[in-house]
Amino acid sequence: MPDIFVLNGPNLNMLGKREPDIYGSHTLDQINRELAAAAQPLGLSLHFFQSNHEGALVDEIHRIYTVSPGGVIINPGGLTHTSVVLRDALAMLTCPKVEVHLSNIYKREPFRHTSLLSDIVLGQIAGFGHFGYHMALMALHRHLSV
Ligand code: DHK
């Protein structure tokens, strides 16, 4: 069963409370539970990690590096637009990676229009709320099946 790692960055632990008009009303726990249920019939095993700290995310990616990951789904939060170190860590992983944003970052402030990860991921999903994580899971499943 391929291991898929679902990583969430800063402030995503506040989903449900945080600007619900932008990020929706689902909590991260709800998102993760629904995603785990969706992964089961696909034969994918999910592992979840969230941190508000760049270094903790980098440490987790180094740990993932040692366990032959099948794929990564990542919403790096604001680190998307700023973090060279997160990009460098993810670039070490040769498995397929999907970048998810709840909001459509291209419809928002100009500083959100740049992702430092977009060219090292299989693809990016933005603007579909929590369903974006499911789209990422489907994309990875299909990618791993062909
Ligand atoms: C989440 C964040 O926390 C923001 O900093 C990004 C992203 C957008 C999202 O849409 O999920 O700019």
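The values are calculated or read from the model by the stated rules, or taken from the named source; none is laboratory data. As the structure is a computational prediction, the values presented were derived from the model and not from experiment. All Cβ positions, even for glycine, are placed from backbone atoms using ideal geometry, and neighbour counts span all protein chains on display. Quick note on the areas: whole protein, heavy atoms, side chains included, nothing else; ligands and nucleic acids left out. Shrake-Rupley method; radii C 1.70, N 1.55, O 1.52, S 1.80 Å.
I'd like the residue in segment 4-16 that is within 14 Å of the chain's Cα centre (by Cα) and outside any loop (DSSP other than H, G, I, E, B) and, out of all such residues, is nearest to residue 108 (Cα to Cα).
Only one residue fits best here, namely 12.
Would you mention how many residues in segment 91-134 are among the basic types (Lys, Arg), open to solvent by less than 60 Å² (accessible area, probe 1.4 Å) and within 14 Å of the ligand (Cβ to nearest atom)?
So in segment 91-134, the residues among the basic types (Lys, Arg) come out as 97, 107-108, 112.
Retained after the next criterion (residues that are open to solvent by less than 60 Å² (accessible area, probe 1.4 Å)): 97, 108, 112.
Imposing the further condition that a residue be within 14 Å of the ligand (Cβ to nearest atom) reduces the set to 108, 112.
Total meeting the criteria: 2.
Determine whether segment 52-61 contains at least one residue that is of a type outside the set (Val, Ile, Thr), within 16 Å of the ligand (Cβ to nearest atom) and within 23 Å of residue 138 (Cβ to Cβ).
no
Taking residue 65, is it in contact with a strand residue (DSSP E or B) (Cβ under 8 Å, 6 or more places away or on another chain) and of a type in the set (Phe, Trp, Tyr)? Let's see the steps before the verdict.
On the way: in contact with a strand residue (DSSP E or B) (Cβ under 8 Å, 6 or more places away or on another chain): no; of a type in the set (Phe, Trp, Tyr): yes.
So residue 65 fails the test.
Collect the residues in segment 62-116 that are farther than 23 Å from residue 130 by Cβ and in a helix (DSSP H, G or I), keeping them in residue-number order.
Once the filter is applied, which keeps residues that are farther than 23 Å from residue 130 by Cβ and in a helix (DSSP H, G or I), segment 62-116 yields 62, 63, 65, 84, 85, 87, 88, 89, 91, 92, 110, 111.
Do we have any residue at all in segment 122-133 that's in contact with a strand residue (DSSP E or B) (Cβ under 6 Å, 6 or more places away or on another chain) and under 19 Å from residue 40 (Cα atoms)?
yes
Can you work out which of the residues in segment 68-83 that are open to solvent by 10 Å² or more (accessible area, probe 1.4 Å) and more than 16 Å from the ligand (Cβ to nearest atom) is modelled with the lowest pLDDT? Outline the logic, then answer.
Taking segment 68-83 first, the residues open to solvent by 10 Å² or more (accessible area, probe 1.4 Å) are 68-70, 77-79, 81-82.
Next, from what is left, pick out any that are more than 16 Å from the ligand (Cβ to nearest atom): 68-70.
Numbers: 68: 91, 69: 97, 70: 97.
Across segment 68-83, the extreme among qualifying residues is 68.
Given the criteria under 18 Å from residue 138 (Cβ atoms) and open to solvent by 80 Å² or more (accessible area, probe 1.4 Å), does residue 2 qualify?
Values: under 18 Å from residue 138 (Cβ atoms): yes; open to solvent by 80 Å² or more (accessible area, probe 1.4 Å): no.
So residue 2 fails the test.
Listed residues 137, 57; which is in a helix (DSSP H, G or I), open to solvent by less than 30 Å² (accessible area, probe 1.4 Å), under 13 Å from residue 8 (Cα atoms) and not hydroxyl-bearing (Ser, Thr, Tyr)?
Numbers: 137 fails: under 13 Å from residue 8 (Cα atoms).
Selected residue: 57, the only one of 137, 57 that is in a helix (DSSP H, G or I), open to solvent by less than 30 Å² (accessible area, probe 1.4 Å), under 13 Å from residue 8 (Cα atoms) and not hydroxyl-bearing (Ser, Thr, Tyr).
When only residues in segment 17-43 that are closer than 22 Å to residue 57 by Cα and not in a helix (DSSP H, G or I) count, which is farthest from the ligand (Cβ to nearest atom)?
Pass one, segment 17-43, residues closer than 22 Å to residue 57 by Cα: 18, 23, 27-33, 35-36.
Pick out the ones that are also not in a helix (DSSP H, G or I) and you get 18, 27.
Details: 18: 8, 27: 14 Å.
Filtering segment 17-43 for residues that are closer than 22 Å to residue 57 by Cα and not in a helix (DSSP H, G or I), the one farthest from the ligand (Cβ to nearest atom) comes out as 27.
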